[in-house]
Structures are given as structure tokens and as C-alpha cells.
1. Quick check on A:Val332: is it more than 18 Å from B:Leu117 (Cα to Cα), aliphatic (A, V, I, L, M), surrounded by fewer than 15 Cβ atoms within 10 Å (Cβ to Cβ) and at pLDDT 95 or above?
2. For segment A:163-180, state whether one or more residues are within 14 Å of chain B (Cβ to nearest Cβ), in contact (Cβ under 8 Å) with a residue 12 or more places away in the chain, crowded, with 20+ Cβ neighbours inside 10 Å and in a loop (DSSP other than H, G, I, E, B).
3. Of A:Ile224, A:Ile197, A:Ile206, which residue is in contact (Cβ under 8 Å) with a residue 40 or more places away in the chain and within 13 Å of chain B (Cβ to nearest Cβ)?
4. Kindly provide the set of residues from segment A:354-376 that are among the polar types (S, T, N, Q) and more than 7 Å from chain B (Cβ to nearest Cβ), ordered by number.
5. Listed residues A:Val246, A:Val234, A:Val275; which is in the same structural domain as A:Tyr182 (by TED's automatic domain parsing), among the hydrophobic types (A, V, I, L, M, F, W, C), modelled with pLDDT under 90 and within 14 Å of the chain's Cα centre (by Cα)?
6. Condition first: in contact with a Lys or Arg (Cβ under 9 Å, 6 or more places away or on another chain) and assigned to a helix (DSSP H, G or I). Now tell me which residues in segment A:244-287 satisfy that.
7. For segment B:51-87, name all the residues that are within 14 Å of another protein chain (Cβ to nearest Cβ), farther than 26 Å from A:Tyr616 by Cα and hydroxyl-bearing (Ser, Thr, Tyr).
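The values are calculated or read from the model by the stated rules, or taken from the named source; none is laboratory data. Everything numeric here is computed off the predicted structure, so don't read it as measured data. A quick note on method: Cβ atoms are made from the backbone with ideal geometry, for glycine too, and the neighbour counts reach across all protein chains shown.
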Amino acid sequence: MSQLGSYALLLALALSAYSFIGGLAALVWPGPQSERLGETARRAGIAVFGVVFLAALVLVVAAFADDFSIAYIFHHSNRDLPAPYKFATLWSGQEGSLLFWSLLLSSYGLVLRLRHKTDTRLFAYASVIIAAVQVFFLLLLNFAAHPFAVMRGSLPDDGNGLNPLLQYPEMVIHPPMLYLGYVGFTIPFAFALGALIMKYPGEKWIHITRRWTMVTWAFLTCGIFLGAHWAYSVLGWGGYWGWDPVENASFMPWLTGTAFLHSVMMQEKRGMLKVWNMWLIFATFGLSIFGTFLTRSGVVSSVHAFAQSSIGDWFVGFLLLILVVCTYFYVVNSKHLRSEHRLESLVSRESSFLFNNLLFMLFCFTVLWGTLFPILSEWVQDKKVTVGPPFYNKVTIPVTLLLLLLTAVGPLLAWRKTSLESLKRNFLWPSLGALAVGVAMVAFGVRPWTDISYLYALMAGMLATLVALTVISEFIRGGRVIARHTGQSLLPSMLHLWHRNTRRYGGYIVHFGVAIVVIGILGTPFNQDAEKEMGYGDKMSLGPYALVCRSYTQEDNPNYGNEWAIIDVFRGGKQITTMYPERRFYKASQQTQTVPRIHATVREDLFLVKDLYLVYEGVNPDTGRPIIKAHLNPMVPWIWIGALVMIFGTITALFPNAAPVRVTAAARVPEPATVGAGD
Amino acid sequence: MFPTRRPASIALIVLIALLTIGAGDDARFNQLGHKLMCVCGCNQVLLECNHVGCAYSDRMRRELAASVDRAESDDLTLQSFVQKYGPTVLIAPTSSGFNRVAWVVPYLALALGVIWLVLLVRNWNHRIQPASNSGSQAPDMLDTFRRQARKETEL
């Protein structure tokens, strides 16, 4: 079986190399012969998908067949591993995840090459660039991180098993989502570089890649939030984001990708920021590769860096190559990227995008700087330092608040110029609503003058409200205009409005989701926790809750043995739930793992929902009684709801626009778009 | 009247003082424990490392509690941890020596970003005749093409 996989990888490398060299030759030496050569290169690129898919299939089948003659399967699986995790073996180690990278890239390449008739020449350039990236990953797979390497000596009876941290349902979808995001940025990168090389006239390449970029962004968003939810549900420290280098690695391309999604509108609408957009997408792709390098090379220590080896040098070389190629073509063809318009007013949509991009870049740079500073410190002063949450929070919290303000104001600004009167008119009610929320927060005990974290929470609450209310008011205002002309009620009119400009109103829904996520995060300063050794009937208090240990016990199954406690939760003397915090010992890997239990108090608290989060920390060896740690995390469930809204908004933005409402000349009135003017 | 009241008052004052001292120590322990990392490799803040039986965190917590009980200053406590476990035990770089660079550079980047923005806007506004990427086509014409392209590629 391993031989089949190895040959498939070699064949994939040969096909990719042909797709790259043949495609490149066809572009460099145009002519009747080269057209046929280009077509064969395109077909070779399509065939790469089939061959890489075969290689991935062989690895998955080997995992299900417990083929421990393959070293990768021995190290990442075992006989008693449940079926979904055997499937997840494909991306749970370094070699497998690189194969998965390659598979996803070939899938994106397949779709792109099948749709080549949209613009044959531009797609040919993009296809060659994708083939070049594919060659790099297949070189790695064949010569540096071979997933089908065989075990030497006698065959082991059982494998080492999957890392217990990865034995969680979300792990079956989190890495694919993240990888779809990382890999997906190769497509806009390939189109951008292709457009630069061929001095592509106009912005058609941006229109072609818009949906690719949005889909990729949605995958990455989904992957990041799934990762945060996994960390919250599995790592057992009661938090969801720790500014770990690998978390940062996924966050950086998201930040530049988000900046690109905004600034690209300036190029589409006004022909501005062409150089900036080009470099933004180059940087996003570079950061995706950099993220894979951070995860896989072992240059930084991280709880998430599941596989580390010496392939870092390959990635450094590839990153340098990307930089050199991009810089060369930029220098040669930079005149092609001159801006067509000037900035007419600081109170305009253009300026809001400029500030938005500046803040996103500052955010990204801070994260990059914090991630790399330990390496720099070791290099300069020969000692490593830790760069933890206090560093990141100092810069990123104020930047996030400013970004929220722009998210609220930006959609109300028109392209070119906005009158202050219209801004005041549209901003009045949302501002009053935000102020009311601020007053309510102070009335409920948030004292911004006692601690800066409370001040941040207050500002985040007010700004998130402002964003939410401006989005709602935009929908209502536009819906009313439609309702006036169609005679429909408000809700169908709002749906009609969204369908007329899905991109704009889908974007608003994403903004609304961001506001909800921020509301979820602002509860952090109010977290509480308690820890206690709990025997039968022992009680621990936390906030309004009383936790009573009913019992504790042990169990055993082929995959793991576990200890768990039964904790009854009371509030106001009334039992609201029973929770079962657990600790497992995985037999194959000989590792322990906490399994926290979380109860969201939706029924009791409605909007001010909290997470009651229990961790079975272990047993006191002297008394034999379990030690339970309890966290009370206000508002956290809103983070996951907000993430869903963001994904929903992105999906809605992908729908094609419907035809505009037909209005008779006599009834025609100014469109609602005068408020926000465009998407 | 006084003899009966006095011991009760003194007891109350002592009780409040003890509670306050205890609360202060807890707050300091909590505050300092969130400035330190567990060094077992879990990459967690010391007080958030949840590994019972962790070779480091229990011992480090005991050492921190002892230091707080001895009423040592924050600096002295943190310094003793640095000497024992190395500089990576601190959750963030100090604001002295080369480590100061870590804190300064993001603000420097902000300043450079603002300068870039100002220069960009000035560059746009000082360009009398906007450049066009095809030489003879005016911006309005390009806007028309742009709308056309958007229409054609609406997938």
C-alpha cells in the first residue's frame, strides 16, 4: 500500500512540474504550438488532483486498515482509535497535513482550470503559479516529509495513537477549515501575480477572484473560531485565545485578508490603491506559508505545534523565493499600477478604508512582532523571552476599538464625499442607543475608572452596540424605501433589499456578527474562578451558583480510562443542571487529558448568558478526592453565535444580485443608497 | 458598658484587619501569578496551568505563596523567579534594556503608517492629471469598463 502512495506522489510531482514548465513555456513563447502545449499543461494540472487524491486516499485507507508498516500511521493512529479520528489521521501529523495541503491546493487548482474559459490567458498565468506552489509542496512530500515512509525492523502490534488533544469532534473539521483558508489564498495570489506579470488591463482579475477570496476568508474565519472553541472546550484553562504563536499564525493572514477584502473595493470602484492591494494579497499568501512554517518548523514553542522537524529551511527558502519573484515583477511593472483618482474628502468611504487598512496592518504587525520577538531576543541578547497576552492586549485592544468605530461609521459614508448633515442624521439614533448601553453598563456595576480593563469593556460594549444599531438602521432605512414602492411589509422589503445588493448587505451582516463577537469578548474582565477539593456532598460557591459534589467514579474502555465527578449545580436553592467534568488517560499514547464540561446559562440569564465551566483537575493523592476548578465566564456563548452570524453573512454576500426593483418614473425617489452609497 | 463593648470592638477590628490582610495577599498572589508562566512547556499562565501533578506549577505556586507571605516586593518576587527559572518565566518582556524594543516598535510602526498615509494622500492630491493604465483612456471611461467587467464576471 505504501508503494502505491509513494508512486502516486512521484507522479503528482512529475505532472505538477510539467504543468508549471509546459504552462510557462507556452506563455513565454506564444504561437500555435504553444497553445497546444498550454492546453496539455492545463490538463496535467487537472490530473494532479486525481493523483494527489489517490495518495491521500491510500493514507486514509492505511489508517483504517491499521497498517503500521507505514511509519506515519504507527505514529498517529492505533487499533482502538474511533473511526472519525482515524480519518483525521490524514492531517494530524506533519507529513499527512502537508499531503492534505497539497490535496486542497490541487482541488482549488482543479476548479480554476475547469473554469479557464472565463479568461483563458489570465487563467493560464494563474494555473502556472499554482503549479509552482504545488511543485514546492510535492517536493517536500517526496523528499523531506514522506507520508509513506515504512517502519524498519519488526512490525509493531499497535500504533502510538493520536494526540489526546486532537481526539475531539471539532478536530475532524477545524484543521480542514483552517487549511481551506490557508490554501485558498493561493488563488487570489496567483491571479494577482498573474495580472501583474501580464500587465492585465483593468480590474477584471479582482472581480474574478472576489468570490474565491470571500470563500477563502469564510473558511479561515470558520477555522479560527473552531480552533478557539476547541481550545476552550479541550485545553481546560477556561479561555479561548492565548496569543499562542500558532494561533497568531492563523490570525495574521486573516487580518491582511480582511484588509484586502475592504481595500479591494477602492480599486473596483475608484481605481485606487492598486499597489497596496497587490502587496496585501502577496502578504496574505506569504503569511499563510509563514503560518505553516511556524506550525511545522519548531522555531517557536507552542502547545499547538503538533509536529516539528527540520523542514523549516524549505519554507524559508520558499518564502524568500516568493518575495524575490513578487518584488521583481512589481519593480518591472509598477507603472501599470498607478492610481486613477484622488482622495476628494477625508469624510468619505475611501478614507474610512484607508484608516481601516492602516489599523489592520498595525494589528497584523503587532502580532507578527510579538510572535517573532522571542527569536529576535535570543539572537540579540542570547536569551529567550515570553511574549504573552499583556503585550498583545496593550496594542490590539485599542486598535480593535478603533476598528469597531470605523465599522460603525464606514457604511454611513458615501464614496467621494459625505455631507456632515447626512452623517449626523444617520448617526443620531445609533449613537443614543450606544450611549444608553454605556449608562446601563455603569448602572450595573461596570466601573471604568477603577481598572482599564473595565474601561475597555465599557467602550467595547458601546461601540459594538453602535455597529449593531447602524447595521439595523441601514436595513430598516433601505427596507422602508423598498416597502414604499412595492407595497410589501418591512421584513420582505429588507430581504428584497439584501437580494438587490447581496455583497453590501451580506457585509453588513458580517459586521453585525463582529459586534456580537466583541460583546462576547467584553465579558472577560468579569470572569471568576474557584478551585476546591470536593468529596461526597462537598460544596463550592461561585457567583450565584452553588456546586455540590454528588459522586466521583472511574471507568475504562479500550481507547482510554477515565475519572469523573458528578456535580449538581444550584442557583437560588434550585437545581439547574448536573455536570460531569472528566479526566482521561489514553492508553496508546500514555497521555492524560482533561475534558472540561460547560453549561451555558441561556435559560437563566438570557442576553447576559454565562458559561459555567468545570475542570476535573485530578485526584489529591493523600485523600483520593477530586480537585475541581470552576470558571464563570460571562458572555462567552455570544462569541460562537457571532462567529456563526459572520459566516452566514459571508455566505449571503456570495449570492448573485437580483434585478433592481422597477419603479415608474412618477414614483421614482432617491435610492436608499444615498445613505451609504455603494457596497 | 465600655468594658463589655471594648473587647468586641477590638475583636471586630482585628477580624477586619485579618480579612483585609488575607484579601490583599490573595489579590497579590493572583496578580503576580498572572505575570508568570508555568515552565512545564504547557505555555499557560502559572495560575491557569491545570495539570494536577505538573512537575512545575504546584511547586511554583507554593514558592509564590511563600514569597507573598514574606511580604516581599513584586519586583523581588518576580526577580527571584527569573533567577531560578530564566527570563521566559515572565509573561511579557520587561521594559528595560533590549526588551524595551518589544514595546516601542508597534508604536513606531503606527507612526510610520500614519506618515505613509499622509504621503499617499498628498501624492494623490498633488497629481494634477491622474494616470491611466492604458494611456489614452480617461478615468470615466475606465469606470465604464469597470462596470462592464463587473457585469460580465458576476458568476
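1. no
2. No; the residues of segment A:163-180 include none that is within 14 Å of chain B (Cβ to nearest Cβ), in contact (Cβ under 8 Å) with a residue 12 or more places away in the chain, crowded, with 20+ Cβ neighbours inside 10 Å and in a loop (DSSP other than H, G, I, E, B).
3. A:Ile206
4. Within segment A:354-376, A:Asn356, A:Asn357, A:Thr371 qualify.
5. A:Val246
6. A:Leu261, A:Val264, A:Met265, A:Met266, A:Gln267, A:Glu268, A:Lys269, A:Arg270, A:Lys274, A:Val275
7. Result: B:Tyr85, single match.
Quick grid of which residues meet (1) of a type outside the set (D, E, K, R); (2) within 22 Å of A:Ile129 (Cα to Cα); (3) out of contact with any Lys or Arg (no Cβ under 6 Å at 6 or more places or on another chain):
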site: A:Ser19; (1), (2), (3): yes, yes, yes
site: A:Ala26; (1), (2), (3): yes, yes, yes
site: A:Pro30; (1), (2), (3): yes, yes, yes
site: A:Leu37; (1), (2), (3): yes, yes, yes
site: A:Gly45; (1), (2), (3): yes, yes, no
site: A:Phe53; (1), (2), (3): yes, yes, yes
site: A:Ala65; (1), (2), (3): yes, no, yes
site: A:Ser69; (1), (2), (3): yes, no, yes
site: A:His76; (1), (2), (3): yes, no, yes
